[in-house]
1. Could you pull the Cα extents of the stretch 456-521 along its three principal axes, largest to smallest, in whole Å?
2. Grab the other residues whose beta carbon is less than 14 angstrom from that of Ile95, score K and R as +1, D and E as -1, and report the net.
3. How charged is the neighbourhood of Arg326? Take every other residue with its Cβ under 9 Å from the Cβ of Arg326, and add Lys/Arg as +1 and Asp/Glu as -1.
4. Taking +1 at the Cβ of each Lys and Arg and -1 at the Cβ of each Asp and Glu, which of Asn470, Ile499, Leu481 sits farthest along the dipole of the stretch 467-514 towards its positive end, judged by Cα position relative to the Cα centre?
5. As an exercise, use a Förster radius of 60 Å and the Cβ-Cβ distance of Ile168 and His333 to find the FRET efficiency, rounded to the nearest 0.05.
6. What spacing in nm lies between the two simple spin-label points modelled at Asn66 and Ser122, each 7 Å away from Cα in the Cβ direction?
7. Under the 0.36 nm per residue contour assumption, what length would be gained going from the current alpha-carbon distance of Asn429 and Leu38 to full extension?
8. Within the set Lys490/Lys567; Lys463/Lys551; Lys475/Lys572; Lys453/Lys551; Lys463/Lys504; Lys487/Lys569, which residue pairs have Cα atoms separated by over 22 Å?
Amino acid sequence: MRKRIFIYGFLVSFIAVLLSGTITFFAMRASIINETKLNAETIAGIIINDINSEADEYDYDARIKNLAENQKAIPYRITVIAPNGDVLGDSSTDIEAMDNHDMREEVIEAKANGVGSSRRYSATLGINMLYVAVLEETTGIIVRVALPLIELQRMSTKILSLSALSVIAGGLLSLIISLFVARGISWPISQMVEAVRDLSTGKRQNMVTLSTNTELDFLSAEFNRMADSLEKLLDELKERNQAFDEVLSSMEDGLMAVNADLDILYLNRVAKEVFALRDEKHYEGKKLTAIVYQSQLLKAVKNGIAQREPQVVKLKIGEKEALDYRLTVLPMHRARHPEGAIILITDITHMLELEQMRTDFVANVSHELRTPLTSIRGYTEALKDNGFEDIEHAKRFLEIIEIEADRLNGLINDLMELSKIENRAQDINIAEHNISELAQEVVTLMAINAKKKNIAVNINIQKPIIVMANKHRLKQLLLNLIDNGIKYNKENGRLDIEISAQGKMLTIAVMDTGEGIAADDIPRLFERFYRVEKSRSRELGGTGLGLSIVKHITELYQGSVTVESKKGKGSKFIATMPIAKI
């Protein structure tokens with residue numbers, strides 16, 4: 001911009017100087033010509049006065065030549081012309097050789113106006129001349145003074161040279177002034193441009209302070225006010241966008257927004273995780289097809305935008321398509337024109353698992369209830385048919401009915417206990433208890449079962465441990481772990497119970513010498529009604545809910561239960577809970 005201002009300023013000023021020099025040249029040249037004419041008129045007037053002062057017999061030619069002889073320094077040529085145009089005398093030429101001058105332009109003008117002038121080539125002298133003629137009104141004689149234009153041209157050349165020098169000097173001065181003016185104008189504008197550029201790029205700009213005593217000072221002040229307002233507005237928008245992004249990023253569901261051309265407008269954190277996108281990269285502005293390869297989803301998005309109706313798609317996404325998602329496409333419209341769509345991504349894997357677990361649970365409960373009920377009903381029918389005639393068989397049937405009823409009652413009790421544990425955020429009736437005493441009580445209760453299989457039960461407690469828990473829940477946990485350790489142990493086996501505490505963490509480990517558990521069964525071991533050996537488990541009187549109860553009790557106390565086992569080498573169940581007090 002400075003260059004342009006400089007060029008324009010210099011051109012304008014130089015043209016002004018050039019025009020001024022040209023006008024001055026022509027004005028001075030015209031002035032010199034007028035001055036020369038006036039001088040010529042004065043000389044002519046002197047000649048006329050001289051003629052009028054002489055006697056009647058006046059030799060014009062001799063007098064004029066004599067005057068010219070006495071005034072050799074004067075470059076003028078003087079000619080006296082009679083009223084009829086005849087030449088009466090000439091300072092430079094023989095009058096006999098001169099023709100009639102009546103039709104000369106200056107003579108005609110002098111007769112009409114008293115004074116006449118013209119410029120033309122002189123055939124007598126062979127040069128360009130300036131002629132000035134003055135009429136003597138009394139006698140009608142005309143005195144003409146001629147000046148060679150060579151002198152005039154010399155003076156014009158001198159004036160032209162001076163004018164050219166003045167134009168050059170004025171041009172240099174214009175150049176210097178244009179540089180300073182361009183700098184003076186462009187510097188504050190450059191400051192403004194730099195400030196605008198900083199503002200447009202989001203950089204925090206400094207105040208623009210100008211002291212030019214022009215409207216630019218007012219403009220800079222207004223710009224500073226505007227910049228402050230914009231900065232505050234941008235800060236507010238940034239805070240709102242940040243809060244908006246934090247809200248959307250904190251959602252458990254993924255969220256994407258695309259325009260009508262399927263350009264990505266927004267992605268929250270969960271959506272990036274679902275499609276395995278790196279968080280530090282910016283995907284806004286890219287095509288949806290660059291990150292989504294599922295044709296069903298792409299088709300649903302296009303249909304949702306085109307048809308202006310929500311679309312729902314269920315897909316498996318992730319590594320090896322391990323997770324289930326429900327993707328809801330909600331079209332966005334403005335003024336009846338499609339603007340794009342919002343894609344809500346909901347992880348329904350856990351929900352499907354829960355639905356499957358519920359289905360399995362209902363099926364398992366039905367199966368577990370049906371088995372003892374079928375036995376009870378069958379033996380009841382047998383009793384009715386026999387009419388108690390065979391007392392021995394009747395007693396045997398009644399014993400079986402009693403066993404199945406106890407089994408059914410145990411199953412119902414376990415289900416009720418499990419339901420109570422699951423529906424409780426925290427336990428009640430919390431008190432201090434000695435864990436060694438509780439463990440000894442449970443071992444005493446299970447002593448008969450252990451004796452039947454000749455299993456040695458050992459309790460190892462390093463030091464006295466007081467626990468803060470519900471006594472009933474803790475006994476349930478120990479009872480189920482020890483009962484399992486006895487049921488699935490070998491004849492003449494061993495059951496070790498180790499209880500320890502570190503800090504506030506209580507650890508209960510129950511180790512048996514049974515057949516162990518296959519690796520494929522371990523992940524599902526704590527599910528309801530899951531049995532490794534179903535037929536053997538039922539024979540042993542298990543409900544399939546014992547380990548599930550153990551798991552939920554530990555989780556009730558923010559703990560966990562794990563198992564370590566290898567086929568043929570026994571099992572080790574480890575329950576940890578933060579309820580110890582040493």
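1. Cα extents, longest axis first: 34, 23, 22 Å.
2. Values: positive: Arg63, Lys65, Arg77, Arg144; negative: Asp59, Asp61, Asp86, Asp90, Asp94, Glu96, Asp99.
Within the 14 Å Cβ shell, the charges total -3.
3. On the way: positive: Lys314; negative: Asp324, Asp347.
Charge balance in the 9 Å sphere: -1.
4. Asn470
5. Numbers: r = 73 Å, r/R0 = 1.22.
Result of the calculation: an efficiency of 0.25.
6. The answer from the label model is 2.3 nm.
7. Values: separation 391, 0.36 × 391 = 140.76 nm, distance 13.78 nm.
Result: 127.0 nm gained on full extension.
8. Details: Lys490/Lys567 13 Å; Lys463/Lys551 26 Å; Lys475/Lys572 19 Å; Lys453/Lys551 27 Å; Lys463/Lys504 14 Å; Lys487/Lys569 16 Å.
Pairs exceeding 22 Å: Lys463/Lys551; Lys453/Lys551.
Bear in mind these aren't lab numbers, they're just calculated from the coordinates by the rules spelled out. Predicted model only: the values in this text are computed from it and were never measured. Using ideal geometry, Cβ is built from the backbone for each residue, glycine included, and neighbour counts are taken over all protein chains shown.
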